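What follows is one structure encoded as structure tokens, with my remarks underneath.
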Amino acid sequence: MNILYCSSEAYPLIKTGGLGDVSGSLPGALQELGNDVRLVLPAYPEVREHAGPLSSIASLTLSGAPQPVEILKGQFPHSRVELYLVDSPVHFQRPGNPYVQEDGSDWPDNAARFATFARAIVALALGEADPHWTPDLVHCNDWQTGLVPALLSQHGTRPATLFTIHNLSYQGLFPKAAFTALELPDTLWSIDGVEFHDKLSFLKGGIACSDWLTTVSPTYAQEICTAEFGYGLEGLLKYRAANLTGILNGMDCEVWNPATDAHLEHTYDVHTLQHKALNKAALQQELGLPADAGSLLLGHIGRLVEQKGVDLILDTLDELFQLPVQLVILGDGEELLESRLQEAAARYPHQLAIHIGYDEPLAHRIEAGSDCFLMPSRYEPCGLNQMYSLHYGTVPIVHSTGGLADTVIDLNDMTARDYTATGFTFEPDTPAALLDACQRALAYYQGSRVDWWKLVITGMKKDFSWSNSAQQYLSLYERVCQVTPEGDAGPGNLDYPVIPPSPLKGKSPPQQSMMR
Ligand code: ADP
Ligand code: GLC
């Protein structure tokens, strides 16, 4: 099949979070299964810099874009996946984060930026940008590409569309005036198009107008159909439930492999687990913690936003640090959380090390050096760090939600006895429940060494590679392409219960862009 994979980020060219990891590895896995997969990204400066040789294949005049948009073609690094870049300098040729300015607020022209990105993708999808290639299916990801299925739904002959929700709380919501300014087709301003409580929702465009929907774990696929997780979109999602599939993300086992990881001084695998202790000692030294082999070293890496529950960790510290426990946290994001973490580190210099910033090599060393990994996320569509942790023999302690519930098997009497446990899960998402899970982990760590290593090794042996999930996507692509592209999605065709414009009841308020 010919597949056009559309994303606003892809590791190693540009990454702010898990979307970058997935978009950097799933296209390659699909290519390995015998498909012609091409990835399209915005031509941010760092992407252009690291993408290798590029050639211009088209110059497009797109409505809403003040200047012609060039389509550049090259090769995605370390793969056979071909790369298209949408080069609209006025929109993408600027330093810094793809979504937010230096002060953390959204780029003010995000609607125009990602509408231009979408229009360029539509041109590629319809064979107007690369006359030598057209896709059978266009796979879109998150709000930044949500207008693609919406715009394509206006065409009689078009490729099939699939839209993946990585995080429902990032919606690409803009005032109604943006809809007019972007010169979007009038038919899209409807309850079964991009209109959401009188605003323009890029995300809703993807949900309402794509032929098929996926999200990144089976549990999250169910959760988003409820008021607690649906942000007012649950009615539409429930209506589309027959066309909504949860497929667990895979992980890139070359980038995240403790046996070959170039960021580690002491690589290891299940047969050389004694090297893990060397990584623990190195991490303690690097981050200025006492070299105490007997303390349980907990790690946490993530965007400092409400979703990830770092505040829950902060609220346990006074009790947690009564125990022989150390904690390292790597993250950046909301200023309030950053300063609360710094204050806590000043209070507990021998037990808490905080590194504010984005640091890929340090993330690898934390995965390798920690004994346990904390993910108290309030919600987690999939989550990748718990899978990296399992692979690195670092026992996850997670709130039982979304992809965390689907990937971590709680240690209890039964799973301890038959050695199926891989970590510790807790519910509800409260400091008390988190603390209780940490206490359970510490007790197990201080108990039988044999039992602890069995827990570690069971996790390390789990297969989270892309092979299974990529195959699931492929089966779905084939199924979606068999259905006529003029299927029932899109404006004028959906008849779902409208949610009255009441205050949204989500797990945390909907966000605009990824914080970074
Ligand atoms: P999300 O996409 O919601 O941020 P995921 O668990 O899916 O969460 O993926 C997060 C990815 O971003 C992981 O690869 C993680 O290691 C990485 N990451 C997050 N914050 C940082 C940071 N401050 N430094 C380095 N890597 C980070
Ligand atoms: C989102 C989610 C995260 C998921 C990632 C990749 O950012 O928050 O849970 O792992 O996307 O799908």
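Things to note:
- Rounded to the nearest 20, the Cβ-based charge dipole of region 274-460 about its Cα centre (Lys and Arg +1, Asp and Glu -1) stands at 640 debye.
- Amide proton proximity set for Cys225, modelled H, under 5 Å, gap of 5+: none
- The lysine pair tally for the chain, using Cα distances under 19 Å and a gap of 8 or more places or different chains, is 16.
- Split the accessible area of the chain by element, probe 1.4 Å, and carbon with sulfur accounts for 53%.
- Gly104 long-range amide H proximity, modeled H, under 5 Å: none
- For region 402-446, the list of chymotrypsin sites (Phe, Trp or Tyr not before Pro) that fall in a loop by DSSP and count at most 14 other C-beta atoms within 10 angstrom reads Tyr419.
- Paramagnetic label zone (point 7 Å from Cα along Cα-to-C-beta, Lys199; backbone N under 14 Å) in region 121-162: 143
- Normalised by 2.2 N^0.38 Å, where N is the number of residues, the C-alpha radius of gyration of region 274-460 stands at 0.93.
- Distance between region 76-127 and region 172-187 - C-alpha centres, whole angstrom: 18 Å
- Considering only GluC sites (Glu not before Pro) in DSSP loops that have at most 13 other Cβ atoms within 10 Å, the longest stretch of the chain without any of them is 266-516.
- Relative contact order for the chain, counting Cα pairs under 8 Å that sit 6 or more residues apart, in percent: 16 percent
- Relative contact order of region 274-460, defined on C-alpha pairs under 8 angstrom at six or more residues apart (%): 21 percent
- Excluding ligands, DNA and RNA, the accessible surface per residue across region 274-460 is 35 Å² with a 1.4 Å probe.
- Between region 210-227 and region 253-291, the alpha-carbon center distance in angstrom: 36 Å
- For region 101-172, the Cα gyration tensor yields ellipsoid semi-axes of 25, 14, 10 Å (square root of five times each eigenvalue, largest first, whole Å).
- Dipole magnitude for the chain: computed about the Cα centre from +1 point charges on Lys and Arg Cβ and -1 point charges on Asp and Glu Cβ, it is near 360 debye.
- Residues with amide H under 5 Å from that of Phe426, placed H, sequence gap 5 or more: Val398, His399, Ser400
- For Val69, net neighbour charge (Lys/Arg +1, Asp/Glu -1) across residues whose Cβ lies under 13 Å away: -1
- In the chain, a dipole from Cβ-located charges (positive for Lys and Arg, negative for Asp and Glu) runs towards its positive end, and of Gln285, Gln101, Val37 it is Val37 whose Cα lies farthest in that direction.
- Each residue of region 413-421 was assigned a 3J(HN,Hα) from its phi angle through the Karplus curve 6.51 cos²θ - 1.76 cosθ + 1.60 (θ = phi - 60°); the sequence is 3, 6, 6, 6, 5, 9, 6, 9, 5 Hz, with glycine and proline shown as x.
- DSSP bridge analysis restricted to the chain gives an antiparallel fraction near 25%, rounded to the nearest 5.
- Using alpha carbons only: equivalent-ellipsoid semi-axes of region 342-410, gyration tensor based, whole Å: 23, 14, 12
- Mean-position separation - Cα centroids, region 347-403 and region 1-53, in angstrom: 25 Å
- Size of charge dipole - region 242-355 - debye, nearest 20, with Cβ of Lys, Arg +1 and Asp, Glu -1, no other charges: 260 debye
- Near Asp87, once Lys and Arg are set to +1 and Asp and Glu to -1 for all other residues with Cβ below 12 Å from its Cβ, the sum equals +1.
The values are calculated or read from the model by the stated rules, or taken from the named source; none is laboratory data. As the structure is a prediction and not an experimental result, all values here were calculated from the model. Ideal geometry is used to build each Cβ from the backbone, glycine not excepted, and the neighbour counts take in all protein chains shown. Note: areas computed on protein heavy atoms with side chains; ligands, DNA, RNA excluded. Shrake-Rupley method; radii C 1.70, N 1.55, O 1.52, S 1.80 Å.
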